[in-house]
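Asks: Got a structure for you, questions after.
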Amino acid sequence: MSTKDTYLAGYLGSKTSPRRAAWQAWVAQHEGAIVAMGGPLGKTKKVGPRGIEDVANAMAAFTVVRAASHAEAARLFERHPHFSIFPGDAVEVMPVMPIPGREERR
């Protein structure tokens, strides 16, 4: 997968909310920009020098989108239904960078 103009959106919030219906309308409106729908995230295992442990974090789901700029990618998530599902939480949008020293494939 080429990383050019590709952004990862990480949804932050509680993993226990039962409301998810509004997502379908957002997906239909932005389907041209969605590279990978992603999905909800489950419990986290952290792997480090001391081994594997169960940890908690605020990452609830993810989506990968393509946009002409970081700002344009972020604008895709303004008024996203995520905010009605997890009030007060956020979507963090970051560029997916190419692996250093590795040629981009299309």
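Asks: In Å², and per residue, what accessible area does the chain have when probed at 1.4 Å with the other protein chains present?
Replies: On a per-residue basis, the chain sits at 69 Å².
Asks: First compute the accessible area of the chain with a 1.4 Å probe, then give the percent of it belonging to carbon and sulfur atoms.
Replies: Ligands and nucleic acids excluded, carbon and sulfur reach 58 percent.
Asks: Once every Cα of the stretch 24-81 carries one equal point scatterer and solvent is ignored, give the base-10 log of I(q)/I(0) from the Debye formula at q = 0.22 Å⁻¹, two decimals.
Replies: Reported log10 I(q)/I(0), two decimals: -0.90.
Asks: Out of residues 5 or more away from Ala90 or on other chains, whose amide H comes under 5 Å of its own, with H placed 1.01 Å from N in the peptide plane?
Replies: Answer set, sorted by chain and number: Leu12.
Asks: Moving on. Rounded to the nearest 500, what is the 222 nm mean residue ellipticity of the chain from helices alone, with -39500 (n - 2.57) per DSSP H run of 4+ residues and division by all residues?
Replies: Values: 3 runs with 18 residues, N = 106.
-4000 deg cm²/dmol, from helical runs alone.
Asks: Once the convex hull of the alpha carbons of the chain is built, what does its volume come to per residue, in cubic angstrom?
Replies: Dividing the Cα hull volume of the chain by its residues yields 123 Å³.
The values are calculated or read from the model by the stated rules, or taken from the named source; none is laboratory data. Note that the coordinates shown come from a computational prediction; the quantities given were computed from them, not determined experimentally. Accessible surface areas use protein heavy atoms only, side chains included; no ligands, DNA or RNA. Shrake-Rupley method; radii C 1.70, N 1.55, O 1.52, S 1.80 Å.
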